[in-house]
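Each remark here refers to the structure printed beneath this line.
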Amino acid sequence: MIAQFSLKLASLLQPYLFEICLAQIVTVLVLCSDTIDRCFRRLLRPNHFIIRVTGFVLLNAFGYGFATLAGGSVLKQFYLQINLSLRYPVILGIFIFIGVIAERMKRC
């Protein structure tokens with residue numbers, strides 16, 4: 001019964017697997033962005049204002065964008081390796097895990 005439900009859910013959500021992966025990657029990036037920005041700011045602090053602004057724009061426009069798309073593709077390939085009947089319970093578990101981490105970081 002549960003396996004049948006999981007297979008039905010998998011068939012319904014299969015076309016949206018990449019979007020689901022993007023949502024997970026973006027959520028993790030949001031949780032980590034303060035730390036990444038702080039480290040990047042510390043790295044660029046001794047440089048001229050224009051270099052700092054350019055670095056910030058490049059990080060946010062291209063760095064996070066690349067990390068999102070590349071991470072989404074890698075995560076999708078990972079999920080495609082998981083048995084279809086287990087795939088969406090694993091995805092749900094990862095969303096719950098990310099939520100627990102966010103709660104511990106007081107981001108909710």
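Miscellaneous remarks
- Qualifying positions in the range 75-108 - under 13 Å from the mean Cα position of the chain (by Cα) and among the basic types (Lys, Arg): Lys76
- Any chance Leu44 is surrounded by 14 or more Cβ atoms within 10 Å (Cβ to Cβ) and modelled with pLDDT under 90: no
- Hey, Phe56 exposed (fewer than 14 other Cβ atoms within 10 Å of the Cβ) and of a type in the set (Phe, Trp, Tyr) or not: no
- Of the residues making up the range 12-22, those that are free of Cβ contacts under 8 Å to residues at least 60 places away in the same chain and surrounded by fewer than 17 Cβ atoms within 10 Å (Cβ to Cβ) number 6.
Residue-by-condition table, conditions (1) small (Gly, Ala, Ser); (2) over 17 Å from Leu22 (Cβ atoms):
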{"position": "Leu44", "(1), (2)": "no, yes"}
{"position": "Arg52", "(1), (2)": "no, yes"}
{"position": "Gly55", "(1), (2)": "yes, yes"}
{"position": "Leu58", "(1), (2)": "no, yes"}
{"position": "Phe66", "(1), (2)": "no, no"}
{"position": "Phe78", "(1), (2)": "no, no"}
{"position": "Leu84", "(1), (2)": "no, yes"}
{"position": "Tyr88", "(1), (2)": "no, no"}
{"position": "Val100", "(1), (2)": "no, yes"}
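- Taking the listed residues Gly65, Gly72, the one that is within 14 Å of the chain's Cα centre (by Cα), free of Cβ contacts under 8 Å to residues at least 60 places away in the same chain and surrounded by fewer than 13 Cβ atoms within 10 Å (Cβ to Cβ) is Gly65, with no other qualifying.
The values are calculated or read from the model by the stated rules, or taken from the named source; none is laboratory data. Remember, predicted model here, so these are calculated numbers, not experimental data. Positions of Cβ are backbone-derived with ideal geometry, glycine not excepted, and every protein chain shown enters the neighbour counts.
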